[in-house]
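**Q** Quick one: the structure is below, questions incoming.
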Amino acid sequence: MKRVLLIVSGGIAAYKALELIRLLRKSGYGVTCVTTDNAEQFVTRLSLQALSENTVYGQLFSLTDESEMGHIQLSRSADLLVVAPATANLLAKMAGGLADDLASTVLLATDKPVLVAPAMNVRMWLHPATQANMTTLRTRGVQVVGPDEGTMACNEFGPGRMSEPAAILAAIEALLHPVRPLSGRHVLVTSGPTHEPIDPVRYIANRSSGRQGHAIAAALAALGARVTLVSGPVSVPDPAGVAVTRVESAREMLEACQAALPADAAVFAAAVADWRVANASDGKIKKQPGVAAPALELVPNPDILATIAAAGPTRPRIVVGFAAETNDLLANAQSKLQRKNADFIVANDVSPETGIMGGTENAVHLIGPRGVEEWPRLAKDDVARRLALRIAEALR
Ligand code: C5P
């Protein structure tokens, strides 16, 4: 029997931990709970104990707890550690390596995979401190499910609501019983912006962060694919287990993509500059009093997606493009599917008010052989996982 150590921290979503325990037990998992002091303001030890049919641990220096099972043993006794709900405070402690109670000590001492299900007020989730902590945790390999968007207990609307217990269970099953439908497959992914030089120190760029493309590369690798990620200049960390080629301009990106072929599938998530500067200068352009501002002459860049998707022996079997639009989203995406000879288009509205470009969430439509599917607004990691599964299905 696989065992889950469930750490419950103190958020209003703690009540959903009870349903998660019920689902885990029903699916045949052993569950041991660890609570923070605050968690017990929201759920009782008795309920956790009754549902998990197991002792609940709470205090670091409890003689009873320690004599039954020391905190180091506890941290390694399970196959997976799950933090649900994961409050902003506990996530910050994990990112900072603090260990001032049993929950944080167990998380620091463990050698097992960790899955967190964040749950907090929307402002707390979007705060740069929380976002920076999440980046740190992801870089260290911590798995994340959610949070979802919705109306929260505090009546505010936005991302921060803990994923539903069924979604957390699905994430747990994926980690404990990894299916590798893409093993033996090679997938090419592009990500990030491109930089088109004006002179040696200046360039034209765009707001793409690379978060979505990098998350897709990670999700494909998690399904067993060998992934080549061709990335423009980004500050997000390289995904684990993925071969990364760094490029700057669209022309370099095309070359790197061609060098990566053959591939079974290719996902073009990069925001490639449509134009480059034809009259880029070899030396820094000097500002001179009385001399007019230089005129930039723009010429079209190669379309990487259309080039790789053109029929021929090296065409990957499945080609996925993105359509980032600010109006007529679906019509533009549909015409892109045909014009570029892609099999799927992931369409997203990148109007500034959506906060999608550069943000951590995405709301997409998937356009493909089955028509148009509208996906709910999800964390970019969750969009990536869904897309990776669809690619695996299409390659079967
Ligand atoms: O034509 P548009 O730029 O809207 O198309 C977006 C899709 O095409 C994305 O998948 C993007 O990665 C890809 N693209 C490309 N090379 C370009 C322009 C866009 O691969 N030069």
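The values are calculated or read from the model by the stated rules, or taken from the named source; none is laboratory data. Here the structure is a predicted model, which is why all the values come from computation and not from measurement. All Cβ positions, glycine included, derive from the backbone under ideal geometry; neighbour counts span all protein chains shown.
**Q** Just give me the residues in the range 350-396 being more than 23 Å from residue 316 (Cα to Cα) and in a helix (DSSP H, G or I), in sequence order.
**A** Scanning the range 350-396 gives 352, 353, 354, 380, 381, 382.
**Q** Of the residues in the range 347-396, how many are in contact (Cβ under 8 Å) with a residue 12 or more places away in the chain, of a type in the set (Gly, Ala, Ser) and farther than 24 Å from residue 122 by Cα?
**A** Within the range 347-396, residues that are in contact (Cβ under 8 Å) with a residue 12 or more places away in the chain, of a type in the set (Gly, Ala, Ser) and farther than 24 Å from residue 122 by Cα number 5.
**Q** Also, quick follow-up: Could you tell me how many of the residues in the range 45-91 are modelled with pLDDT of 85 or more and assigned to a loop (DSSP other than H, G, I, E, B)?
**A** 8
**Q** Looking at residue 347, is it crowded, with 20+ Cβ neighbours inside 10 Å and either within 13 Å of the ligand (Cβ to nearest atom) or modelled with pLDDT of 95 or more (or both)?
**A** yes
**Q** Something else: Do we have residue 343 as closer than 22 Å to residue 227 by Cα and among the acidic types (Asp, Glu) here?
**A** yes
**Q** Is there any pair linking a residue in the range 261-277 that is at negative phi and more than 7 Å from the ligand (Cβ to nearest atom) to one that is modelled with pLDDT under 95 and among the β-branched types (Val, Ile, Thr), with Cβ under 8 Å and at least six apart or on different chains, and which?
**A** That search, which allows pairs on different chains as well, returns 261/314; 262/314.
**Q** Would you tally the residues in the range 80-97 being of a type in the set (Gly, Ala, Ser) and crowded, with 23+ Cβ neighbours inside 10 Å?
**A** Total meeting the criteria: 2.
**Q** Name the one entry in 4, 83, 8, 43 that is touching a strand residue (DSSP E or B) at 6+ places or on another chain (Cβ under 9 Å) and farther than 19 Å from residue 167 by Cα.
**A** The conditions single out 43.
**Q** A further question follows. May I ask you to say which residue of 260, 293, 310 is in the same structural domain as residue 343 (by TED's automatic domain parsing) and either of a type in the set (D, E, K, R) or at pLDDT below 95 (or both)?
**A** Criteria check complete, one pass: 293.
**Q** When residues of the range 237-262 are filtered for being surrounded by fewer than 23 Cβ atoms within 10 Å (Cβ to Cβ) and either assigned to a strand (DSSP E or B) or in contact with a Ser or Thr (Cβ under 6 Å, 6 or more places away or on another chain) (or both), how many remain?
**A** Total meeting the criteria: 10.
**Q** Turning to a different aspect of this structure: On the basis of being modelled with pLDDT of 95 or more, more than 15 Å from the chain's Cα centre (by Cα) and not hydroxyl-bearing (Ser, Thr, Tyr), does residue 156 make the cut?
**A** For residue 156, the condition - modelled with pLDDT of 95 or more, more than 15 Å from the chain's Cα centre (by Cα) and not hydroxyl-bearing (Ser, Thr, Tyr) - is not met.
**Q** If you don't mind, another one. Pairs under 7 Å by beta carbon, first residue closer than 21 Å to residue 359 by Cα in the range 215-243, partner surrounded by fewer than 24 Cβ atoms within 10 Å (Cβ to Cβ) and among the hydroxyl-bearing types (Ser, Thr, Tyr), six or more apart or different chains?
**A** 230/245; 234/209; 236/209; 237/139
**Q** Is one or more of the residues making up the range 205-220 part of a helix (DSSP H, G or I) and away from the ligand (no atom under 16 Å from the Cβ)?
**A** Looking for residues that are part of a helix (DSSP H, G or I) and away from the ligand (no atom under 16 Å from the Cβ), one finds at least one in the range 205-220, hence yes.
**Q** Take the residues in the range 278-307 that are more than 8 Å from the ligand (Cβ to nearest atom) and touching a residue at least 60 places away in the same chain (Cβ under 8 Å), then tell me which one is nearest to residue 188 (Cα to Cα).
**A** This residue is 280.
**Q** Could you tell me whether residue 234 is more than 16 Å from the ligand (Cβ to nearest atom), out of contact with any helix residue (DSSP H, G or I) (no Cβ under 6 Å at 6 or more places or on another chain), under 17 Å from residue 191 (Cβ atoms) and modelled with pLDDT of 95 or more?
**A** no
**Q** Looking at the range 314-332, which of its residues are more than 8 Å from the ligand (Cβ to nearest atom) and at pLDDT below 95?
**A** Selection gives 314, 326, 327, 328, 329, 330, 331.
**Q** Next up: Return the residue satisfying two criteria in turn: it lies in the range 333-342 and is under 17 Å from residue 371 (Cβ atoms) and within 12 Å of the ligand (Cβ to nearest atom), and of such residues it is surrounded by the fewest Cβ atoms within 10 Å (Cβ to Cβ).
**A** For the range 333-342, the residue satisfying everything is 335.
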